[in-house]
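Values in this text are rule-based calculations from the coordinates and carry no lab data. The shown structure was predicted, so the numbers you read here are calculated from the model rather than taken from an experiment. Backbone-built Cβ (ideal geometry, glycine too); neighbour counts: all protein chains shown.
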Amino acid sequence: MAILTQEQAKAIIDKVLSYAKADETEVTISGGRTGNIRYARNTVNTSGETNELSLSITSVYGKKSGSTSINELDDESLKRAVSRAEEIAALAPENPEYMPMLGPQNYAPSKTFAKATDSINPDYRAQLAVDSIKPCVDNNLTAAGYLEDFSGFVATGNSKGLFGYNQSTSVDFTVTVRSADGTGSGYAGRDFNDAALLNAGQVTNLAAQKAMASVNAQAIEPGKYTVILEPMAANDLLRLLASGMDARSADEGRSFLSKKGGGTKLGEKLFDERVTIYSDPAHPDIPAAPWSGEGFPLEKTTWVENGIVKNMFYSRYWAQKQGVQVVPRPQGFIFAGGDQSLADMIRNTERGILVTRFWYIRAVDPQTLLYTGLTRDGTFYIENGQIKFPVKNFRFNESPIIMLNNIEAMGKPERTGGNMVPPMKIRDFTFTSLSDAV
Amino acid sequence: MLTPSLVAFSQPVSAEHLLMPGMDAAAKKVLADVALNTTKSLGATYTDVRIGRYLQQFLLTREKNVQGITNAESFGVGIRVIANGTWGFSATSDVSPDGIKKCAETAVAIAKANSKLQKEPVILAPVQSYGEVSWKTPIKKNALEVPVKEKIDLLLSVNNAALDNGAAFVNSALFMINEQKYFASTDGSYIDQDVHRIWPNFTVTAVNKAEGNFRSRQALSAPMGMGYEYLDGLASEKFMNPAGFNSYRNSYDMVEDAVTAAKHAKEKLTAKSVLPGKYDLMLDPDHLGLTIHESVGHPLELDRVLGYEANYAGTSFATLDKWESKNFKYGSDLVNIVADKVQPNSLGNVGWDDEGVKAKEWDLIKNGVLVNYQAIRDQAKIINEPESHGCCFADNWSSVQFQRMPNVSLKPGTSKMSPHDMIKNIEKGIYILGRGSYSIDQQRYNFQFGGQLFYEIKNGQIAGMLEDVAYQSNTQEFWNSCSALCDKDDYRLFGSFFDGKGQPSQVSAVSHGSPTTRFDGVNVINTGRTI
């Protein structure tokens, strides 16, 4: 019984709350099934499935809080857990930044659950591995891949009357295909809420095409290049920018959104005017849960509009301290795109580099959001509107802020890594050295 | 600052609960035998059982506030079998005879199901039967027995020290881990181990709002396989480095380092931006450890070399043909790199690994030549080793054990040399300390490393602090540029507390020892940008 219905969850939460003696009590029940299959060298090497159900209780006295969790739901276990959380809270130090629990909230229904994902079983996973491995074996290629699927629920309630329930599913599949001699490598991956949208054979085929096309890559000089970033590559850098839009860090003077002389860059134009970033929990391709980590209902929010910073995340504590509205951190971002296809972008490029994905990205300077990392699994040289040959991988040192000021063109956003991201053509992208890695 | 996630299936508990004794070894032996007998009756040809109690205490503070106190326990059993020549694994939190019996049955069923896809049967290198044995990290003071208040008071005094010396912000943390692991196998070993690790850490930030600048400096501590005695700050374990402040060996003075860190963070705000070019690098052990980890430790993992990590971490440039040639020059003649699970105070130190192989030390690179990899029981035959290296590890009872990096360390030089001696011979160089930004490609050729502190060396002397420094190189080129090593008196441990590998990802902790080391003519870039 890893997935409880809304009624079952509510009844247990109410029971736990009836045992509570603390000033405030919050109860969260979550559970579900996580499954995976992993293969390499064209053979399955790990597969498994885990069913979990956990109930956590947070008890609060004044500004002192304590938490505990259990996975037995009988009355005695629940009573013991409440007592334990209250004992821990009584002994805890005060948290000056503690915010009282929220009262009842209006949570919109979500679209995060899909029946096809919920129905995944070991046979589905084994078949997916076969669908991915077989065409690679047939073409003298080597596949290594990983599928992880989840179906579960979360229910939360507190002593002030808040209650929420949500069911969700997810499936995430990635595959690396390498040529037999190891001189070519391609990668592809897709993530969805609904497994009915996943076609492992197609994804593998894309990786296989890149593997074959990237054999015997040539070295070209590092430097500043026009790059065409496939959505996966663009997301690798853009998600780092979007997830760093925290108001507190900006106000404290330690963020790329901090302003010389004090204050923040809220309201300032920081990017090319074609840049618009928003979040929408009701977006059909990246549906989100109804509430944020702090229990606030998630709503459609614009973060950057026409290059201007419109919003930053404000936690409940920081919003109160600054006297502004809470702006919850979203679950996924939508980066508005343009009308060019990837093929259009290649056709319109005199000289450039096509990038499938980036790898091992690490922050170099948080003040300028400078990151380093490398291209991987399919990097190609473009000349006079055509892909000419595969090139050896590059190390880059680049900031997504600079990147979003150097936009040449954008395409239609697609889901990658939980965000909606377009393919992007960027000028003057900085590659600083070459790598022999395949 | 790095905020870790909890070990799998862990439950929050009270600090007092962490001190409660776990199940005794005799009771665990009875339960282990349930698994061993069950799997044997179902036709398994090999079984190992790991009954694990994993305890964690994480304390997090920020300026004057306690941000979090986490006490967690995870208890359960993992059973791994070979049936029909194929691995099967199952785990459960139901540590009762019935629960273990069902789990054992599942492990065998999975092995038999997977055997239909198996290309060739698993062959294990032989291992000695050790009978009933035990091992414990030789700690002097169990960190979990130190009252939480005392530890919080230490962190808050660290924060105050930083704030009093000009820091605008400071986060500090103490991570403590105790793994109570019981291993039994059909090879006749019943091994009870009690493993302890500790990591004190902080990040101090200075801000110049007028200029819109901020700079941070992290602690120069190392995570260690030690008890709370690591925080004694013994004077005998400190030494003044060539940059004029204290470095630490096997005892750390956290408050002193916080005072220094605050001064460093402020100094960084106005430090000179580096002129890019070729420099001779003098790398402190607290920095070089991460370079060793990424450019030697990971590429010599045999499962990576064979392609098992191709879809995630990647493969390796150090292919079998290079090893077979017996003359692949990984580094200069001075480079001797050993792997081990036995170094005192190290994170990798255990008595036996997670498949019952006794811990040992072995050579990876000898006089610059690649001589070996890191291999476990089912890999040993691939590299003609008569036995496993003893580096099999699972981060939890619920995770299947696999090949993980042991301690990988650069041996000190045999001639007398201190860091003060080394610097005298450098005309144009940079002295780098501390763990900074790090990135390396999926086959471990091309890397870029930053650090916490950079000092310009001119004509044998420190000529002031630098900023915006990162060095880029190729692994083989870099290690072949190694031109000098300090001696054993300068040898110190660096550590990685949460090293990730595998899908689903598992963490492990590993140390890297080295002396201060010189590398000639390394490419340094300037990472400063204007936005």
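Points worth noting:
- Distance from the Cα centroid of region A:332-350 to that of region A:94-132 is 31 Å (rounded to whole angstrom).
- Using C-alpha pairs below 8 Å separated by at least 6 residues, the relative contact order for region B:1-270 is 19 percent.
- Taking every C-alpha pair closer than 8 Å and separated by at least 6 residues, the mean separation divided by the residue count of chain B gives a relative contact order of 15 percent.
- Inter-chain Cβ neighbour count for A:429-436, averaged per residue, equals 5 (cutoff 10 Å, partner chain atoms only).
- Within 10 Å of each Cβ in B:205-215, the average number of Cβ atoms from other chains: 5
- Residues with amide H under 5 Å from that of B:Arg492, placed H, sequence gap 5 or more: B:Ser514
- Shown here for region A:203-288: GluC sites (Glu not before Pro) in loop regions (DSSP other than H, G, I, E, B) with at most 13 other Cβ atoms within 10 Å, namely A:Glu268, A:Glu273.
- Other protein chain Cβ atoms within 10 Å, averaged over every residue that makes up B:311-323: 3
- Rounded to two decimals, the Cα-based Rg/Rh of region A:217-438, with Kirkwood Rh, is 1.00.
- Cα centroid of region B:303-365 to Cα centroid of region A:54-76, whole Å: 44 Å
- Ordering B:Cys392, B:Cys482 from the fewest to the most neighbouring beta carbons within 10 Å gives B:Cys482, B:Cys392.
- Rounded, prolate or oblate (a/c below 1.5 giving rounded, otherwise prolate when a/b exceeds b/c) for the protein assembly as shown by Cα gyration tensor: rounded
- Convex hull volume per residue for chain B, taking Cα atoms only, in Å³: 143 Å³
- Calculated from backbone phi, Karplus (6.51, -1.76, 1.60) coupling profile of region A:407-423 in Hz, x at Gly/Pro: 6, 9, 6, 9, x, 7, x, 9, 6, 8, x, x, 10, 9, 9, x, x
- Other residues whose C-beta falls under 10 angstrom from the C-beta of A:Arg248 contribute a net charge of -1, scoring Lys and Arg +1 and Asp and Glu -1.
- Taking GluC sites (Glu not before Pro) across region A:89-170, the ones in a DSSP loop with at most 13 further Cβ atoms lying within 10 angstrom of their Cβ are A:Glu94.
- Overall Cα dimensions of chain A - principal axes, largest extent first, Å: 72, 60, 35
- Computed from Cα atoms, the angle from the helix A:75-91 axis to the main principal axis of chain A rounds to 80 degrees.
- Across chain B, the longest piece that holds none of the trypsin sites (Lys or Arg not before Pro) lying in DSSP loops with up to 11 other C-beta atoms within 10 Å covers B:141-325.
- Summed over qualifying helices (DSSP H, 4 residues or more, each -39500 (n - 2.57)) and divided by its residue number, the protein assembly as shown shows a 222 nm mean residue ellipticity of -6000 deg cm²/dmol.
- Taking the square roots of 5 times each eigenvalue of the Cα gyration tensor of region A:6-211, largest first, gives ellipsoid semi-axes of 45, 17, 15 Å.
- Loop-located trypsin sites (Lys or Arg not before Pro) in region A:1-86, at most 10 other Cβ atoms within 10 Å (DSSP): A:Lys21
- Principal-axis analysis of the Cα atoms of chain B puts helix B:25-41 at an angle of about 60° to the longest axis.
- Nearest-20 debye value, chain B charge dipole, Cβ charges on Lys, Arg, Asp, Glu: 540 debye
- Pairs of alpha carbons in region B:277-526 separated by more than 24 Å make up 44% of all such pairs.
- Subset of A:Lys115/A:Lys160; A:Lys115/A:Lys412; A:Lys115/A:Lys210; A:Lys10/A:Lys79 violating a 22 Å alpha-carbon distance limit: A:Lys115/A:Lys160; A:Lys115/A:Lys412; A:Lys115/A:Lys210
- For region A:153-171 and region B:473-488, distance of Cα centres in Å: 55 Å
- Under 12 Å, Cβ to Cβ, from B:Ala173 - net charge with Lys/Arg +1 and Asp/Glu -1: +2
- Local electrostatic count, B:Ser415, Cβ distance below 14 Å [Lys/Arg +1, Asp/Glu -1]: -1
- Using θ = phi - 60° in the Karplus curve 6.51 cos²θ - 1.76 cosθ + 1.60, the 3J(HN,Hα) couplings for region B:208-224 round to 10, 5, 4, 8, x, 10, 8, 9, 10, 9, 8, 4, 9, 7, 10, x, 9 Hz; x is entered for Gly and Pro.
- Cα long-axis angle, helix A:200-213 against chain A (0 to 90 degrees, to the nearest 10): 40 degrees
- Value of relative contact order over chain A, rounded to a whole percent, pairs C-alpha under 8 Å and six or more apart: 15 percent
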